[in-house]
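Input: a single structure, listed below in structure tokens.
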Amino acid sequence: KYARENDIPFFGICLGLQCAVIEYARNVCGINKANSAEFKKGKYSVIDIMPDQKSVTHKGGTMRLGSYPCVIKPGTKAHKSYKSEFIAERHRHRFEVNNHFRPLLAKNGLVFSGVSPDNELVEMIELDNHRWFVGCQFHPELKSRATKAHPLFREFVKQAIIYKSDKEGTK
């Protein structure tokens, strides 16, 4: 909430995206009891277990694992970072943004900047009116190297440096 309200660069990875969605649902959309089914199951689970995981009782190796395609929305921060509309990223999770709440979240300004090709899974979120508020469900750290930073890390660090410079310039 603090980063969102104060235009401080934010980069939420996996659970970070999920917590950002919960915070947004509570404080912007007015869903006071918004939560994740991973923490508390109920009708306000803006983060829910993936549909194909609901019947799984034995958890060993059942997560959404591996590389999956993602369609990036043109004109978004994600698109500017990747310079592409089609990417593939590595995943390791069982919970996703609950599609039931997507229209309300979008109506209140949350941008779904990356989705699965069938538009069923949210892969990335961001805010238009923020210098860098980006979340991803996947794990970009798995594709980052010491000599070649992942595009999302590169842009996040760039925005953090700009933020610091702007803040120091106003003192």
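Of all the criteria given as (1) out of contact with any Ser or Thr (no Cβ under 8 Å at 6 or more places or on another chain); (2) surrounded by 13 or more Cβ atoms within 10 Å (Cβ to Cβ); (3) at pLDDT 95 or above; (4) not hydrophobic (A, V, I, L, M, F, W, C), the one not satisfied by K73 is (1). For the range 144-157, the set of residues classified as of a type in the set (D, E, K, R) and either over 23 Å from C19 (Cα atoms) or in contact with a strand residue (DSSP E or B) (Cβ under 6 Å, 6 or more places away or on another chain) (or both) consists of R145, K148, listed by residue number.
Counting the residues of the range 17-42 that are exposed (fewer than 14 other Cβ atoms within 10 Å of the Cβ) and modelled with pLDDT of 95 or more gives 3. For the range 144-155, check the following and say yes or no: at least one residue is buried (at least 21 other Cβ atoms within 10 Å of the Cβ) and either at pLDDT below 95 or not in a loop (DSSP other than H, G, I, E, B) (or both). Within the range 144-155, one or more residues are buried (at least 21 other Cβ atoms within 10 Å of the Cβ) and either at pLDDT below 95 or not in a loop (DSSP other than H, G, I, E, B) (or both). The residue pairs whose first member lies in the range 1-23 and is farther than 19 Å from I161 by Cβ, whose second member is assigned to a loop (DSSP other than H, G, I, E, B) and modelled with pLDDT of 95 or more, and whose beta carbons are closer than 6 Å, counting only pairs six or more residues apart or on different chains, are L17/Q137; I22/A34; E23/K1. Counting only strands (runs of 3 or more DSSP E) that sit completely within the range 2-118, those holding 3 or more residues that are closer than 25 Å to P151 by Cβ correspond to 10-13, 64-72, 86-93, 95-97, 110-115. Show the residue pairs that are 6+ apart or on different chains and have beta-carbon atoms under 7 Å apart, the first residue being within the range 96-120 and more than 26 Å from K83 (Cα to Cα) and aliphatic (A, V, I, L, M), the second being modelled with pLDDT of 95 or more and part of a loop (DSSP other than H, G, I, E, B). If the second residue must be modelled with pLDDT of 95 or more and part of a loop (DSSP other than H, G, I, E, B), the pairs left are L104/C29.
When the criteria are applied in full, N119 meets the requirement of being on the phi > 0 side of the Ramachandran plot and under 17 Å from the mean Cα position of the chain (by Cα).
Is it true that I87 is without any contact (Cβ under 8 Å) to a residue 40 or more places away in the chain and in contact with a Cys (Cβ under 7 Å, 6 or more places away or on another chain)? The answer is yes for I87. Filtering the range 121-143 down to residues that are surrounded by fewer than 18 Cβ atoms within 10 Å (Cβ to Cβ) and in contact (Cβ under 8 Å) with a residue 60 or more places away in the chain, which residue is nearest to P103 (Cα to Cα)? Looking at residues that are surrounded by fewer than 18 Cβ atoms within 10 Å (Cβ to Cβ) and in contact (Cβ under 8 Å) with a residue 60 or more places away in the chain, I get R131.
If you take the residues of the range 89-111 that are among the hydrophobic types (A, V, I, L, M, F, W, C) and under 15 Å from the mean Cα position of the chain (by Cα), which of them is nearest to R4 (Cα to Cα)? Only one residue tops the list, namely L110.
The values are calculated or read from the model by the stated rules, or taken from the named source; none is laboratory data. Since we're looking at a predicted model, the values are computed, not measured. Please note: Cβ atoms are built from the backbone with ideal geometry, for glycine as well, and neighbour counts cover all protein chains shown.
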